[in-house]
1. Working from Cα positions, state the angle (0 to 90°, nearest 10) between the long axis of helix 438-452 and the longest principal axis of the chain.
2. How many nm separate the modelled label positions at PHE55 and ILE387, each set 7 Å beyond the Cα in the direction of the Cβ?
3. Relative to a virtual label point 7 Å from the Cα of ALA438 in the Cα→beta-carbon direction, which members of the stretch 62-96 show backbone nitrogen distances below 16 Å?
4. Between helix 4-21 and the chain, what is the angle of the helix's C-alpha long axis to the longest principal axis, kept within 0 to 90° and rounded to the nearest 10?
5. So between LYS380 and LEU68, what do we pick up on full extension, going 0.36 nm a residue minus the alpha carbon distance?
6. Which entries in the list LYS232/LYS366; LYS268/LYS380; LYS101/LYS232; LYS146/LYS284 go over 19 Å, if you measure between the two C-alpha atoms of each?
7. Give me ILE103, ILE455 sorted ascending by neighbouring Cβ count inside 10 Å, so fewest comes first.
8. Okay, which of the stretch 240-265 sit inside 19 Å, backbone N to the point 7 Å along the Cα-Cβ direction of GLN147?
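Derivation of every value follows stated rules applied to the coordinates shown; laboratory data play no part. None of these values were measured; they are calculated from a predicted model. Reconstructed Cβ throughout: ideal geometry from the backbone, glycine too, with neighbour counts over all protein chains shown.
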Amino acid sequence: MMKSPVRAVLSATLALIAAFLLNTILADARSSYEFRRADAATKKACNALRSQLPFGRVTNQGLGPDYLVSVQTYYSQLQAKRFPACVAYPQNAQEVSTVVKAIKANNLQFAVKAGGHQFNNWSSSDGGVLIDLQRLTAKRFDDESKQVAYFEPGNRWRDVYAYFVPQGVTPVGGRIGGVGSGLALGGGLSYLSAEHGLACDTFTALDVVLADGSIVKATADNEYKDLFKSLKGGGNRFGIVTGYHTKLVPVGKVYSGIVIYTQDQWEKVIKATSDFVSTNTDKKAAIITTVDSFGILPDPTTKLNSFIILFNVYNGADPGTTFDAFTNIPHVLDTRSTGDYIKAAEMVDIGTISQGGFYSNVVPLKVGSDREQTLVNNFKVWSKEHIGQYILATVDYQPIAKSITDASRAAGGNALGGPEGPYIFVNMLLAFDPNLAADKQEALRASWDKLTNSIPHDEDIPKFLNDAGFRQNILQSYEQYPLMQATSRKYDPTGLFVKNQPGPNFST
Ligand SMILES: Cc1cc2nc3c(=O)[nH]c(=O)nc-3n(C[C@H](O)[C@H](O)[C@H](O)COP(=O)(O)OP(=O)(O)OC[C@H]3O[C@@H](n4cnc5c(N)ncnc54)[C@H](O)[C@@H]3O)c2cc1C
Ligand SMILES: *[C@@H]1O[C@H](CO)[C@@H](O)[C@H](O)[C@H]1NC(C)=O
């Protein structure tokens, strides 16, 4: 039997999570539609493109449910406030090529959207062309021996897992089912990464539409090997991927769930996290330690609004004593149980959409100093000082084990490169009311940057694109930045993907 204070904490936690996720806190937060007027040239080009493609492939601004769904289904509601002149829904690589050619011929602004989870405004467009990949949904085994997967970018990880996991295998993909395939182009941290590397390390080939509209297949050893390596973590700067070919890995019973701690235990959990990062050698063990503060509505009974939520996965039925250092610390909730990999990807339903505007930063951190603890102490102060101004503030410790960097190297290396693990990618993520006035948004971002920079960062470790802040120079921190620059100059000499499309800072 649960004691009643415990139950109160538990219900407060779950109610807050559920409210945030199920969109009830800010019932009126969705933006009213304020269509930007697209310029005449873009409108004209959209109409021309409409006539070049089969019926229903291009929807103009404001027309029809397709357009509204594309604009609404972003994780960050700030992206949902941007209104493209038209949305294109290509259904195969050839149609993507037609769209790219039209964009290039007319020098249009554009954006590419897969699952729509980018925290910055990098998969939305205000007044340009949005290429929405949602109709590219094929998935199948790519070979007779069923060791390679093929899936298209309109699939979310949930769709990919639903197809492969029942057959005993899975691609190495996102930890949360509702996230999209763009995760892999940004590197892609998986619960399986300690065994198999980042998602991008498992690419065997990529089908890519280049800036001139040509359709190529890039692999580690063909003439497009520079493009291939650049796409292993370099994001949207080089082309549009229309098909992923990736290694499949065996997966069976998986132990997964969350463990929740109240604030009085934070120091111990952070210590356990640091110890885990520096000493764990069991490649089947995965954690994310998320230090979370809800900026509104503390539970009236408990007055609690801050927690640590530990995401915990073991790639096997029984973790043995691997996580005892965590579970020996008093906690208020433990949902862990044995199931399959699909269950692990759905253990918290936070993946599909949210009600907030977001701002994210990444801090690359070696372990063995007290900075993990210092950052959390500073976070405690920040989250109290800013109560009422944000929805959720979270500092997430994602271990990069030595085995991850070993696996990346064994797979031929990726765009990130960098030193051997272990270290931590700390994701500092802030969610706020998307209707907040621009100056208040900016003030929040500035104070979040200040918190981010309140500890020294390890500059020799790559910053992680998937957690990137738009002010951070992410790709510049990658070992393969010179290769990426050369790749861009070679395949996209006029810089279509770099100049006409939002994305991480990049200069050729
Ligand atoms: C709830 C949640 C959980 C997350 N969990 C993880 C995690 O476990 N591991 C991790 O590594 N990251 C994680 N992330 C970060 C995530 O990887 C990034 O947000 C990623 O950009 C999501 O991809 P997407 O397809 O959903 O987003 P989108 O916003 O559609 O795309 C992301 C970026 O990639 C580009 N892009 C997408 N598809 C293509 C394509 N086919 N060709 C060219 N460019 C393309 C877009 O232009 C955009 O810049 C998570 C994010 C959220 C919100
Ligand atoms: C993203 O776009 C929204 C809507 O236009 C805007 O409010 C927000 O400030 C933008 N974010 C950034 C980082 O520019």
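1. 60 degrees
2. Between PHE55 and ILE387, the label points sit 6.0 nm apart.
3. Within reach of a label on ALA438: 78-79, 81-83.
4. Taking Cα atoms only, the helix is inclined about 10 degrees.
5. On the way: separation 312, 0.36 × 312 = 112.32 nm, distance 3.89 nm.
Extra length available between LYS380 and LEU68 comes to 108.4 nm.
6. Numbers: LYS232/LYS366 23 Å; LYS268/LYS380 15 Å; LYS101/LYS232 24 Å; LYS146/LYS284 23 Å.
From the list (LYS232/LYS366; LYS268/LYS380; LYS101/LYS232; LYS146/LYS284), the Cα-Cα distance tops 19 Å for LYS232/LYS366; LYS101/LYS232; LYS146/LYS284.
7. Numbers: ILE103 24, ILE455 18.
Sorted ascending by nearby Cβ count, the order is ILE455, ILE103.
8. Correct set: 245-252.
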